[in-house]
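The structure under discussion appears below in the form of structure tokens.
Bear in mind these aren't lab numbers, they're just calculated from the coordinates by the rules spelled out. Only a predicted model underlies this, so the values are computations on that prediction, with no experimental measurement involved. Ideal geometry is used to build each Cβ from the backbone, glycine not excepted, and the neighbour counts take in all protein chains shown.
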Amino acid sequence: METDLHGPTSHNYFSQRLRLHYVDWGNPDAPLMILIHGTRDHCRNWDWMARVLREHYHVIAPDLRGHGDSQWVIGSNYAMIDYVYDIAQLLHQQDRFPVTVVGHSLGGSISLQYAGIYPENVCRLVSIEGLGPSPKFIEMRGGKPVEERMREWIEAGRTISGRAPRRYDSLEQAFARMQAENPHLSEEWARHLTAHGVNQNEDGTYSWKFDNYTRAHSPYSFNLREAHSLWARITCPTLLIRGTESFAGDYEKDGRADVFQDAQIEVVEDAGHWVHHDQLDRVLELVQGFLGS
């Protein structure tokens with residue numbers, strides 16, 4: 001596969017008084033596709049997929065609030081409902097329905113919720129590692145009384161409030177950290193993701209663009225019953241992708257896949273949570289085959 005990347009154009013939009021950023025890969029006469037990234041990631045993580053998919057789609061990719069070149073919230077709350085609102089607002093402004101939606105991790109969860117709320121707006125849906133925590137994890141966390149979860153959340157907030165963004169003396173140091181996080185990444189990809197994932201500080205050091213508060217987890221358990229209710233409302237064909245080396249669990253064994261009306265499940269070998277980075281060619285094969293079916 002070619003590695004020469006032609007960059008997209010950069011745009012802003014507003015949602016709940018926040019200035020949020022997205023990139024546009026052109027081809028405006030084609031059907032609209034939106035690519036939604038995961039936690040502590042950014043829109044340029046999709047570049048390799050977008051460059052291929054833009055041949056047949058008008059591809060846009062947002063930076064979620066608190067990520068990339070989008071504004072951080074005032075306070076510390078990064079809730080799923082606000083992420084979903086932001087995507088609904090961006091698509092409302094585009095006004096190009098129905099849309100094809102592709103999401104990874106948090107972005108996959110946002111995609112599923114949006115498609116369950118507005119099933120008429122989505123014609124095809126791809127969720128990569130996007131079904132949220134496994135039932136076993138939810139049960140384990142839900143076993144703690146709410147006051148204990150609240151205490152942990154408050155303490156975590158205090159810890160984060162005193163945590164300055166980590167500073168790297170050079171891009172090389174940041175790159176080394178990026179590559180250590182995912183050993184599957186090639187040097188070229190790790191450098192690309194690092195270059196688009198950091199800002200240079202006034203003193204010449206570099207820090208990641210995401211807000212540290214995006215690390216905080218809500219003290220209230222993931223409501224699997226309500227998630228299932230939304231997933232069951234999705235009417236479009238849906239592709240669920242997971243990696244064999246991921247922590248996300250087996251959708252078929254734990255029953256999460258059963259609630260979908262029309263879901264195709266694909267498991268990618270030798271891939272962790274970032275399946276589209278670890279096995280790009282295989283994921284593109286699956287996605288393009290699904291979209292063309």
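Points worth noting:
- In nm, spacing of pseudo-spin labels at Ala232 and Asp270 (7 Å Cα→C-beta vector): 4.1 nm
- Sum of side-chain charges, Asp250 neighbourhood, beta-carbon under 15 Å (Lys, Arg +1; Asp, Glu -1): -3
- Estimated 222 nm signal from helices in the chain, with DSSP H stretches of n ≥ 4 weighted -39500 (n - 2.57), rounded to 500: -10500 deg cm²/dmol
- Listed peptides 115-123, 43-51 by packing density, highest first (mean Cβ within 10 Å): 43-51, 115-123
- Looking at the stretch 9-292 alone, DSSP beta bridges between its own residues are antiparallel in about 40 percent of cases.
- Charged-residue dipole, Cβ positions (Lys, Arg, Asp, Glu), the chain about Cα centre, Debye nearest 20: 980 debye
- Radius 13 Å from Cβ of Ser15, net charge of other residues (Lys, Arg +1; Asp, Glu -1): 0
- Table column - 3J(HN,Hα) (Hz), the stretch 17-34, Karplus curve with 6.51, -1.76, 1.60, x for Gly and Pro: 6, 9, 8, 10, 10, 8, 10, 10, 8, x, 6, x, 7, 8, x, 7, 10, 10
- For the stretch 123-199 versus the stretch 204-218, the spacing of their alpha-carbon centroids is 9 Å.
- Measuring r between the beta carbons of Gln173 and Thr39 and using R0 = 25 Å, the FRET efficiency lands at 0.70.
- Taking a point 7 Å out from the Cα of Lys253 in the direction of its Cβ, the residues of the stretch 111-150 whose backbone N falls within less than 14 Å of it are 134-137.
- Over the chain, all Cα pairs binned in 10 Å intervals from 0 give whole-percent P(r) values of 6, 27, 37, 24, 5, 0, listed from short to long.
- Shape call, the stretch 170-235: gyration tensor on alpha carbons, a/c limit 1.5: prolate
- For Lys253, the lysines whose Cα comes closer than 16 Å to its Cα, not counting residues fewer than 8 places off in the same chain, are Lys136.
- From most to least packed by mean Cβ count within 10 Å, the peptides 63-72, 148-157 give 63-72, 148-157.
- Build a GNM of the chain with springs between Cα atoms under 10 Å apart, and of Leu125, Leu35, Leu53 the one that fluctuates most is Leu53.
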